[in-house]
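The values are calculated or read from the model by the stated rules, or taken from the named source; none is laboratory data. A quick note: this is a predicted structure, and the numbers were derived from the prediction, not measured. Note: ideal-geometry Cβ built from the backbone for every residue, glycine included; neighbour counts use all protein chains shown.
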Amino acid sequence: MTRFIFLGPPGAGKGTQAKILADDSHIPHISTGDILRAALKEKTPLGVKAQGYMDRGELVPDDLVQDMVKERLNQDETKSGWILDGFPRTVKQATFLSSLLQELNQSQVKVINLDAPDNVVVSRLLERGRKDDAEDVIRRRLEVYRSDTAPLIDYYQQQKLLVVVNGDQSPEGVTTALKAAISS
Ligand code: AMP
């Protein structure tokens, strides 16, 4: 059963690697950032509510994102596995996810911590040039990552679910390291 949660700072390569692994395993890649960006583009009520937070590099309120994930994980195509990319991002979201997975009988998961130093992720994000990749917004996203999301590393380590992969190498190098880490 393939169920992975990708943790790591913005710019660590979570999206790229999650996509590769999801395609290889024929399971959905669920990126809360992608879902929110699509909602924003379509100007749905969710998108309208989320926009200001995203533009500033802040987290969208837990309840909004949790509802989104609950709806997605209740869809039939996620029964045989999934990769979560960008969720959970707070301890509250992690607790929510843990009870949701229990309800769905999907508690068997692995958490990949894709790590890379700040200077590496900042220069990658500046090159990528997404709307929220302006330097001041990047700095804020990193601060938010450190204060709200990084505590999840300990949270999952204590549950012995954590696998660490070095994201400070070429995309191909990361894929190789990732595949080795999850098969062991
Ligand atoms: P990402 O594509 O994962 O870098 O996410 C882009 C932006 O979407 C973040 O900076 C947040 O504003 C928002 N976002 C994505 N996932 C979450 C989440 N799990 N909780 C709160 N906000 C999120």
Only one of Thr149, Thr176, Thr95 is surrounded by 20 or more Cβ atoms within 10 Å (Cβ to Cβ) and at pLDDT 95 or above. Can you tell me which?
Thr149
Of the residues in region 38-73, those that are near the ligand (Cβ under 10 Å from one of its atoms) and touching a residue at least 24 places away in the same chain (Cβ under 8 Å) come to Met54, Asp55, Arg56, Gly57, Glu58, Leu59, Val60, Asp62, Val65, Gln66, Met68, Val69
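Per-residue answers, yes or no, for (1) touching a strand residue (DSSP E or B) at 6+ places or on another chain (Cβ under 7 Å); (2) within 22 Å of Asp55 (Cα to Cα):
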position	(1), (2)
Leu101	no, no
Asn105	no, no
Ile112	yes, no
Ala116	no, no
Ser123	no, yes
Leu126	no, yes
Glu135	no, yes
Glu143	no, yes
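Out of region 74-88, which residues are away from the ligand (no atom under 16 Å from the Cβ) and not in a loop (DSSP other than H, G, I, E, B)?
Matches in region 74-88: Asp76, Glu77, Thr78, Gly81.
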Could you check region 4-37 and list, in sequence order, the residues that are more than 11 Å from the ligand (Cβ to nearest atom), assigned to a helix (DSSP H, G or I) and either out of contact with any Pro (no Cβ under 9 Å at 6 or more places or on another chain) or closer than 16 Å to Asn166 by Cα (or both)?
Thr16, Gln17, Lys19, Leu21, Asp23, Asp24, Ser25
Please count how many residues of region 59-73 are in contact with a Lys or Arg (Cβ under 9 Å, 6 or more places away or on another chain), hydrophobic (A, V, I, L, M, F, W, C) and either surrounded by fewer than 13 Cβ atoms within 10 Å (Cβ to Cβ) or assigned to a helix (DSSP H, G or I) (or both).
2
Taking region 122-151 and keeping only residues that are acidic (Asp, Glu) and near the ligand (Cβ under 10 Å from one of its atoms), one is left with Asp132, Asp133, Asp148
